[in-house]
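Student: Pasting a structure below so you can have a look.
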Amino acid sequence: MVRIGTPDDLPLGPVTGVDGYAVGNNGDYFAVSRRCRHLGADLAEGSIDDDGCLVCPWHGAKYDVSTGRMVRGPQGVFAKVPGLGTVFRGLTTVVPLRRAKVRLAGGELELVDGQ
């Protein structure tokens, strides 16, 4: 277990890096591996969109944090490459982002590896 902090340290919206994970609060606490499947961007520098998904800071790929799967492929110039988004969404069906549990215990948030 790794201490994250108190619930006040992880408010709704921002994402932070903890022990190899991008950790955030989209209404539920989540932790997913930090590297985007597209080009390896640090997802701890990403954002949470209105759907509660984690958005890559480099090219806007979008991840469902409950499954680790990419639900929208890279955007910008990469969105113009035929089939690229489909390939990456397929990849994350087979190899989703690693997930860990974030639990509240005694007023502290803890990262529990191995979901």
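Student: Give the peptides 46-59, 1-14, 97-110, 25-38 in descending order of average Cβ contacts within 10 Å, highest first.
Tutor: Values: 46-59: 17.7, 1-14: 13.0, 97-110: 15.4, 25-38: 19.8.
For the peptides 46-59, 1-14, 97-110, 25-38, the packing ranking is 25-38, 46-59, 97-110, 1-14.
Student: To continue, here is another question. Would you mind getting the accessible area per residue of the chain, heavy atoms of the protein chains only, 1.4 Å probe, in Å²? Spell out each step's value before the answer.
Tutor: Values: 6070 Å² over 115 residues.
On a per-residue basis, the chain sits at 53 Å².
Student: Once you list every other residue whose beta carbon is under 15 Å from the beta carbon of Y63, what net charge do they have if Lys and Arg are +1 and Asp and Glu are -1?
Tutor: Values: positive: R34, R35, R37, K62, R69, R72, R89, R98, R99; negative: D28, D42, E45, D49, D50, D51, D64.
Cβ neighbours under 15 Å give a net charge of +2.
Student: How big is Rg to Rh over the range 1-58, alpha-carbon atoms, Rh as the Kirkwood inverse-mean-distance radius? Show your work: numbers first, answer last.
Tutor: On the way: Rg = 10.8 Å, Rh = 11.4 Å.
Computed over Cα atoms, the ratio is 0.95.
Student: What number, in percent, do you get for the relative contact order of the range 1-77 if the mean sequence gap of Cα pairs under 8 Å and at least 6 apart is divided by its residue count? Let's see the in-between values first.
Tutor: On the way: 138 pairs, mean separation 14.4, N = 77.
Worked out over the range 1-77, it gives 19 percent.
Student: Rg to Rh for the chain: what is it, with Cα atoms only and Rh by Kirkwood? Please report the intermediate quantities before stating the final value.
Tutor: On the way: Rg = 14.0 Å, Rh = 14.1 Å.
We get a ratio of 0.99 for the chain.
Student: Taking the chain as the reference, fit the longest principal axis to its C-alpha atoms, fit the long axis of helix 84-94 to the helix C-alpha atoms, and give the angle between the two in degrees, 0 to 90, nearest 10.
Tutor: 40 degrees
Student: Something else now. Just to confirm a number: summing +1 for Lys and Arg and -1 for Asp and Glu over residues other than V18 whose beta-carbon lies under 12 angstrom from that of V18, what do you get?
Tutor: Details: positive: R3, R34; negative: D9, D19, E110, D113.
My count for the surroundings of V18 gives -2.
Student: What does the charge count near T6 come to, summing +1 for each Lys or Arg and -1 for each Asp or Glu among other residues with Cβ under 15 Å from its Cβ? Provide the component values of the computation, followed by the final result.
Tutor: Numbers: positive: R3, R103; negative: D8, D9, E108, E110.
With Lys, Arg at +1 and Asp, Glu at -1, the net is -2.
Student: Place a +1 charge on the Cβ of each Lys and Arg in the chain and a -1 charge on the Cβ of each Asp and Glu, then give the dipole magnitude about the Cα centre in debye, rounded to the nearest 20. Provide the component values of the computation, followed by the final result.
Tutor: Numbers: 13 positive and 13 negative charges, 131 e Å.
It comes to approximately 620 debye.
The values are calculated or read from the model by the stated rules, or taken from the named source; none is laboratory data. Remember, predicted model here, so these are calculated numbers, not experimental data. For neighbour counting, all protein chains shown are included, and Cβ atoms are generated from backbone atoms with ideal geometry for every residue, glycine included. Accessible surface areas use protein heavy atoms only, side chains included; no ligands, DNA or RNA. Shrake-Rupley method; radii C 1.70, N 1.55, O 1.52, S 1.80 Å.
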